[in-house]
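What follows is a single structure, written as structure tokens, with notes after it.
Readers should treat all values here as calculations from the given coordinates under stated rules, not as data from a laboratory. On a predicted model such as this, the values are computed, not experimentally measured, just so you know. Note: ideal-geometry Cβ built from the backbone for every residue, glycine included; neighbour counts use all protein chains shown.
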Amino acid sequence: MRHRAFGFDPSLGDEFRRRLLEAREVLLRSVAATDEEIADLEAAPGPGDQPDHAAAVSTALLASRLAGQDKRELDEVVAALRRLQSGTFGACESCHNPITLARLRAVPAARYCLHCQASQEVVP
Ligand SMILES: [Zn+2]
């Protein structure tokens, strides 16, 4: 199993976790219908916490209301949070080289390095 073999600085994890959680909240708030649902979102795992099962369930429920591009964006954000958890964040999923920090700061949920992204762009 690959574990931080790509050199992503773990001390940057909190910065990206925070940004990804914010991005997720913005997307989910657009479909959160009640105060309870918003409270669930705010109970989402913070830096250093393990993911909370109840919050994950409510996220899935809300995500089911998202459609099209928003759903895709949320999927990307959630996938990036999983990569942060598993220690593979920051590595290109295609060539496994590190994604540059500048690119991650611009697109925290990026799966691919710029080179691979350019070849993925043709895929719908
Ligand atoms: Zn790549």
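Values computed for the structure shown
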| quantity | calculated |
| --- | --- |
| Neighbourhood charge, 15 Å Cβ-Cβ cut-off, centred on residue 102 and excluding it, Lys, Arg +1 and Asp, Glu -1 | +1 |
| Residue 75/residue 19 FRET efficiency (R0 22 Å; Cβ-Cβ; nearest 0.05) | 0.85 |
| Those residues of segment 5-36 whose amide nitrogen sits under 19 Å from the label point placed on residue 100, 7 Å along Cα→Cβ | 6-9 |
| Amide proton proximity set for residue 91, modelled H, under 5 Å, gap of 5+ | 99 |
| Point-to-point label distance, residue 82-residue 33, nm (Cα→Cβ direction, 7 Å offset) | 2.7 nm |
| Net lengthening on full extension, residue 115/residue 26 (0.36 nm per residue, minus Cα-Cα) | 29.2 nm |
